[in-house]
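> Encoded as structure tokens, here's the structure I'll be asking about.
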Amino acid sequence: MTADLHRTLDAVWRIESARIIGALARMVRDVGLAEELAQDALVTALEQWPDKGVPDNPGAWLTATAKNRALDLLRHRSMQATKADALTWEIESQLQDGAPPAPDSALDEPIGDDVLRLMFVACHPVLSVEARVALTLKMVGGLATPDIARAFLVPEATLAQRIVRAKRTLSEARVPFELPGPAELGERLDAVLKVIYLIFNEGYAATAGEHWMRPALCEEALRLGRILAELAPQVAEVHGLVALMEIQASRLHARTDARGAPVLLLEQDRTRWDRLLIRRGLAALERVDALGGGYGPYALQAAIAACHARAAYADHTDWPRIAALYDALAQIAPSPVVELNRAVAVGMAFGPAAGLEIADALRDEPALRHYHLLPGVRGDLLAKLGRHSEACEEFRRAAALTQNERERELLTERARVSADAAR
């Protein structure tokens, strides 16, 4: 019974935690305190549910219990404060004829707004990118600290300190629990989208460790993106990011073989791609079109992913269109990484020599000095040109730079194949 109860609570927490913490933060105006109150409600559930049974609506029960804790805290503060008019008003506004909120009433409140506010607070620019990622996964994603630490290959104590410092920073900066105004909405939304994008990418292609992917992170990023799309349905780039993640996630099962070794895009069994996720991604891309205003960076990347998704076979891929889409992406969001991806697309569309010309121009780019994919891409293009000895050196350099064990094995094998071809 205890194991079943823990599984039930874990599932409920993953689904409901953002709503509960968001509702509490609206009351107490402190996300750190709101999380503590929500955790108190979890402890109460562990104490009461074994004897009383799991409530019909466990999420509403946790919300109501946590709110009662918050109301007790507000009462205490109002009694201790000399001037407590504002707090007293908050208490009275939460109570109806002196009675605590009924569990069912928790479902009738504007919780969507609370979750959206919580996302914006967790991704506030006053925090470092690392802190935003950790706090978003903890508070909005409902992940436990050990799970986040394992996903990003950092010690649990380090991750816990990062979260504590983030909450302290938000409190000291007096970050309000509210949606940003029109003047800063775009910048703040960009931060939210970037965090979700980073979480997904770390799951899709792990930067370090023994696994090629961390699918749980992809799933979590997708869940956060879908929530954001429901809460901000008129923002095209939100749907663009969701479209990108849905289509990319459709390939997860085909990206490794039975031994867990990486399988590159052009070699994947496309019958293993998840057609439901592809349909969802294409539908999200259609919503971008319906909203008008053109494609932003995420929508352009989604359009590139859609080209792959629509090709039943690798040799059916519309590489000239992909190259054109990368040209557009380079115009609105220029970066060395975009240029490197453009080199791949141009190489596929117009020949490896054309792609290598672009990649060679990036060799002195400081941002790519320790980026393993630059020599990896150059190695691939050189091999296609029959320059196997040079390709071998590039693959070896890429293998030395990557921190992912599976990727290192792949690159080392490609270096061996190039060395054999050079003999």
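> What is the helix-to-structure angle for 319-332, meaning the angle in degrees between its Cα long axis and the longest Cα principal axis of the chain, kept from 0 to 90 and rounded to the nearest 10?
Helix 319-332 sits at roughly 50 degrees to that axis.
> Separate question: Evaluate E = 1/(1 + (r/R0)^6) for Ala361 and Val263, where r is the Cβ-Cβ distance and R0 equals 25 Å; express this FRET efficiency to the nearest 0.05. Before the final figure, lay out each step's value.
Working: r = 30 Å, r/R0 = 1.19.
Approximately 0.25, to the nearest 0.05.
> Taking the chain as a Gaussian network, Cα atoms linked when under 10 Å apart, which of Gly32, Gly376, Gly294 shows the biggest mean-square fluctuation?
So, out of Gly32, Gly376, Gly294, the one fluctuating most is Gly294.
> Over the chain, what is the mean sequence separation of C-alpha contacts under 8 Å (at least six apart), divided by residue count, expressed as relative contact order in percent? Spell out each step's value before the answer.
Working: 584 pairs, mean separation 42.4, N = 423.
Reported relative contact order: 10 percent.
> Further question on the same structure: Using a Förster distance of 30 angstrom, determine the FRET efficiency expected from the C-beta separation of Arg416 and Arg272, and round it to 0.05. Walk me through the numbers on the way to the answer.
On the way: r = 27 Å, r/R0 = 0.90.
Rounded to the nearest 0.05, the efficiency is 0.65.
> Another question about this same structure. Looking at Gly142, Ala232, Gly203, which one has the Cα that reaches farthest to the positive end of the dipole of the stretch 139-233 (charges on Cβ: Lys, Arg +1; Asp, Glu -1)?
Gly142
> Right, another one. Note down, for the stretch 318-423, the three equivalent ellipsoid semi-axes (square root of 5 times each alpha carbon gyration tensor eigenvalue), biggest first, whole angstrom. Numbers along the way, then the final one.
On the way: eigenvalues 110, 53, 25 Å².
Output for the stretch 318-423: semi-axes of 23, 16, 11 Å.
> Also, quick follow-up: For the stretch 318-423, what's the relative contact order in percent, using C-alpha pairs closer than 8 Å and at least 6 residues apart?
On the way: 143 pairs, mean separation 19.9, N = 106.
The normalised contact order for the stretch 318-423 reaches 19 percent.
> Fully extended, how many nm does the chain gain between Ala3 and Ala330 (0.36 nm per residue separation, minus their Cα-Cα distance)?
On the way: separation 327, 0.36 × 327 = 117.72 nm, distance 5.14 nm.
Here the answer is 112.6 nm.
> Restricting to DSSP loop positions (anything but H, G, I, E, B) with no more than 11 other Cβ atoms inside 10 Å of their own Cβ, which trypsin sites (Lys or Arg not before Pro) remain in the stretch 218-279?
Numbers: sites: Arg223, Arg226, Arg251, Arg255, Arg259, Arg270, Arg272, Arg275, Arg279; in loops: Arg251, Arg255, Arg259.
Of the trypsin sites (Lys or Arg not before Pro), the ones in loops of the stretch 218-279 whose Cβ has at most 11 other Cβ atoms within 10 Å are Arg259.
> Further, regarding this structure: For a protection proxy built on the mean count of beta-carbon atoms within 10 angstrom, sort 236-244, 329-337, 187-195 highest first, please.
Values: 236-244: 26.4, 329-337: 14.2, 187-195: 18.9.
My ranking of the peptides, most packed first, is 236-244, 187-195, 329-337.
> Calculate the spin-label point distance for Asp315 paired with Gln48, positioning each point 7 Å from the Cα along the beta-carbon direction, and give it in nanometres.
About 6.6 nm, to one decimal.
> Across the chain, what fraction of all alpha-carbon pairs, as a whole percent, falls in each successive 10 Å bin from zero upward?
Result, from short to long distances: 4, 18, 27, 23, 14, 8, 4, 1, 0 percent.
> Which of the aspartates and glutamates could be linked to Lys384 by a straight reach, that is with a Cα gap under 14 Å, when you skip same-chain ones fewer than 8 residues away?
Glu357, Glu394
> Separate question: Through the Karplus equation 6.51 cos²θ - 1.76 cosθ + 1.60, θ set to phi - 60°, convert the phi angles of the stretch 162-178 into ³J(HN,Hα) values in whole Hz; use x for Gly and Pro.
Once rounded to whole Hz, the list reads 4, 5, 4, 5, 5, 5, 5, 4, 4, 5, 5, 7, 6, 5, x, 8, 7.
> May I ask for the Kirkwood hydrodynamic radius of the stretch 238-326, worked out over all distinct Cα pairs and given in angstroms to one decimal? Show your work: numbers first, answer last.
On the way: mean 1/r = 0.0750 Å⁻¹.
Evaluated over the stretch 238-326, this radius sits at 13.3 Å.
> Using only Cα atoms and rounding to the nearest 10 degrees, what angle (0 to 90) does helix 405-422 make with the longest principal axis of the chain?
0 degrees
> Which value, in nm² and rounded to one decimal, describes the direction-averaged projected area of the C-alpha convex hull of the stretch 187-260? Show your work: numbers first, answer last.
Numbers: hull surface 20.1 nm².
For the stretch 187-260, averaging the hull's shadow over all directions gives 5.0 nm².
> I've got another one for you. How many angstrom lie between the C-alpha centres of the stretch 357-414 and the stretch 189-242?
If we compute the Cα centre of each part, the gap is 27 Å.
> Which FRET efficiency value, to the nearest 0.05, is calculated for Ala205 and Arg423 with the Förster distance at 35 angstrom and r the Cβ-Cβ distance? Don't skip to the end; give the middle numbers.
Details: r = 32 Å, r/R0 = 0.91.
Once rounded, the FRET efficiency stands at 0.65.
> Can you flag which of Lys67/Lys167; Lys52/Lys167; Lys67/Lys194 are past 29 Å Cα-Cα? Provide the component values of the computation, followed by the final result.
Numbers: Lys67/Lys167 20 Å; Lys52/Lys167 35 Å; Lys67/Lys194 32 Å.
Where the Cα-Cα span goes over 29 Å, the pairs concerned are Lys52/Lys167; Lys67/Lys194.
> Round to the nearest 10 and give me the degree value, 0 to 90, for the angle of helix 31-52's Cα axis relative to the longest principal axis of the chain.
70 degrees
Any read-out appearing in this document is the output of simple, stated calculations on the displayed coordinates, not a laboratory observation. It should be emphasised that the depicted structure is a prediction, and the values quoted were computed from it without experimental measurement. In this analysis, Cβ positions are derived from the backbone assuming ideal geometry, glycine residues included, and neighbour counts consider all displayed protein chains.
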